Amino acid sequence: MAETQNPFLDPEPPHWAARGLAYTVIAIFAVALLAAWLVQVPETVSGRFTLVPIRGTDPIRVQKEGVLAQVAVEEGDTVPLGATLFIIQSTPLSDRSSDVRTLETQLRANQERIRIAASKYDTRKRQAAPEERRLATKVSFLERLMVSKNQRLKLTRELADSALSGSRTGSINRLDATRLDLEVTSLAEEVQTAQNDLDDAKAAIVRLGQDEEARDLEYRETKRGLEESIDTERIRIAAMSQDTRTVTDSGVVVRAHCSGTILHLKVNGAGAVVTEGEILGELACRGDRLQGELELPEAGVPLVRVGQGVKLRLDAFPYQRFGVRFGTVHWLGPTGESGPAPGSFRALVELADDSIRVRGQMQPLLPGMRGQADIVTGRRSLVSYAFEPVRALRENFREMPTR
């Protein structure tokens with residue numbers, strides 16, 4: 001049976017269609033080849049960065065060795081001035097705090113002893129004042145009495161002598177002469193008694209003065225000794241309080257010395273044994289100018305130069321919504337890092353601005369914010385990427401030069 005021919009379909013394409021398809025493929029290849037030579041794409045070096053203050057961070061150190069009882073913050077936390085960061089159980093500081101409280105108790109006791117001694121001294125002085133006045137009055141009275149009795153004794157003795165002479169001549173009765181002589185003797189005894197009382201009163205006044213002087217000396221010596229003890233205790237308390245001012249019933253409290261952000265924590269859990277001077281973390285104070293601390297991979301170090309531009313994409317502000325920030329490389333580390341990020345190099349980026357617009361308001365960038373940084377190191381043509389496998393193959397077959 002003969003094959004039926006379809007008059008509407010041509011089994012061979014028209015010559016212009018085949019030629020046009022060939023020209024199109026050739027043109028696309030030529031354009032791609034030309035673009036590979038002419039089109040330049042940016043070459044970037046990427047790495048993680050952290051915003052830190054330009055003046056650096058302040059280390060949070062341990063005052064005395066002990067056991068970490070509590071970690072009250074986490075990395076990235078914003079803390080106010082005086083906030084509790086760590087609590088440490090330190091036996092030496094607890095003992096020193098007990099010594100300070102003991103000294104404070106002794107200080108208050110010595111101050112009370114001074115007050116009591118001064119009160120007793122004033123009381124005794126007030127009690128002695130009336131006795132001194134009484135004795136002074138008595139001495140004054142006895143002195144006047146002595147003058148009066150001496151005058152009376154003198155007159156009586158003269159009368160007795162005259163009576164005695166008259167009795168001998170018979171002009172005066174002998175009995176009257178005898179009575180006057182007895183009166184002279186009595187007055188002489190009274191004068192002697194008054195003199196003895198006067199001497200006793202004066203001796204009592206002297207004894208009172210000596211007793212008062214002794215009390216003064218005793219009070220001054222007691223006061224001097226207590227004041228020396230008080231001064232010594234105050235000096236010891238002031239010296240020991242420098243270390244114990246942060247000691248509470250819970251332990252030694254490590255507080256934030258400024259408002260800022262916790263950038264790094266060296267110790268994250270309770271129970272760790274810490275030594276004096278050990279760094280527990282780093283605190284960035286608020287208000288300082290910021291810069292980016294960038295971790296560069298080794299492969300990008302030869303391409304990075306000071307002055308190159310940097311695009312910063314912050315994790316806290318996604319660049320799809322808030323855009324990127326810009327900066328400039330202003331320092332490159334001469335050596336690699338061997339600590340938390342081995343095999344990386346450190347670079348510092350100067351920020352073009354330190355705030356970002358969020359919902360119409362400028363929001364400041366904070367220390368500790370992280371993100372991805374892209375450093376534009378130059379531009380390369382697309383064809384250079386195609387020759388990299390060829391260069392790699394050539395270097396693999398390259399032999400050592402002979403000496």
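Odds and ends about this structure:
- For segment 48-62, the criterion of being basic (Lys, Arg) and over 22 Å from the mean Cα position of the chain (by Cα) is satisfied by at least one residue.
- Checking GLY307 against (1) assigned to a loop (DSSP other than H, G, I, E, B); (2) surrounded by 14 or more Cβ atoms within 10 Å (Cβ to Cβ); (3) at pLDDT 85 or above, the condition it does not meet: (2)
- Residues being assigned to a loop (DSSP other than H, G, I, E, B) and either without any contact (Cβ under 8 Å) to a residue 40 or more places away in the chain or in contact with a strand residue (DSSP E or B) (Cβ under 6 Å, 6 or more places away or on another chain) (or both) - total across segment 310-326: 5
- Taking every residue in segment 249-272 that is charged (D, E, K, R) and pairing it with any residue that is surrounded by 13 or more Cβ atoms within 10 Å (Cβ to Cβ), at least 6 positions away or on another chain, the pairs with Cβ-Cβ distances below 8 Å are ARG255/ALA83; ARG255/THR84; ARG255/LEU85; ARG255/THR246; LYS266/GLU278; LYS266/ILE279; LYS266/LEU280; LYS266/GLY281.
Let's see how each residue does on (1) part of a helix (DSSP H, G or I); (2) closer than 23 Å to CYS285 by Cβ; (3) among the small types (Gly, Ala, Ser):
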residue	(1), (2), (3)
LEU81	no, yes, no
ILE88	no, yes, no
SER97	yes, no, yes
VAL100	yes, no, no
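- For SER229, the criteria (1) out of contact with any Leu (no Cβ under 6 Å at 6 or more places or on another chain); (2) modelled with pLDDT of 80 or more; (3) more than 30 Å from GLU112 (Cα to Cα) hold in every case but one, which is (3).
- Looking across segment 344-378 at every residue that is surrounded by 11 or more Cβ atoms within 10 Å (Cβ to Cβ) and more than 23 Å from ARG55 (Cα to Cα), the one that is modelled with the lowest pLDDT is identified as GLY378.
- Top-ranked residue in segment 168-178 [being part of a helix (DSSP H, G or I) and surrounded by fewer than 17 Cβ atoms within 10 Å (Cβ to Cβ); ranked as farthest from the chain's Cα centre (by Cα)]: THR169
- PRO59 vs. criteria exposed (fewer than 14 other Cβ atoms within 10 Å of the Cβ) and outside any loop (DSSP other than H, G, I, E, B): no
- Hey, ALA299 assigned to a helix (DSSP H, G or I) and out of contact with any Asp or Glu (no Cβ under 7 Å at 6 or more places or on another chain) or not: yes
- In segment 67-126, the residues that are surrounded by 14 or more Cβ atoms within 10 Å (Cβ to Cβ), under 30 Å from the mean Cα position of the chain (by Cα) and hydroxyl-bearing (Ser, Thr, Tyr): THR78, THR84, SER90, SER94, SER97
- Residues (hydroxyl-bearing (Ser, Thr, Tyr) and modelled with pLDDT under 75) located in segment 67-106: SER90, THR91, SER94, SER97
- Each residue in segment 111-147 was checked for being touching an Asp or Glu at 6+ places or on another chain (Cβ under 8 Å) and hydrophobic (A, V, I, L, M, F, W, C), and 3 pass.
- Against the numbered list (1) modelled with pLDDT of 85 or more; (2) hydrophobic (A, V, I, L, M, F, W, C); (3) surrounded by fewer than 16 Cβ atoms within 10 Å (Cβ to Cβ), VAL301 comes up short only at (1).
- Scope segment 288-334; condition within 40 Å of the chain's Cα centre (by Cα) and among the charged types (D, E, K, R); matching residues: ASP288, ARG289, GLU293, GLU295, LYS311, ARG313, ASP315, ARG325
- Test: residue in segment 383-398 that is surrounded by 10 or more Cβ atoms within 10 Å (Cβ to Cβ), at pLDDT below 70 and in contact with a strand residue (DSSP E or B) (Cβ under 8 Å, 6 or more places away or on another chain): no
- The listed residue being among the charged types (D, E, K, R) and within 19 Å of ARG133 (Cα to Cα), out of ASP216, ASP200: ASP200
The values are calculated or read from the model by the stated rules, or taken from the named source; none is laboratory data. This structure is a prediction, so every number in the text was calculated from the model and none was measured. Heads up, the Cβs are rebuilt from the backbone with ideal geometry, glycines too, and the neighbour counts pull from every protein chain shown.
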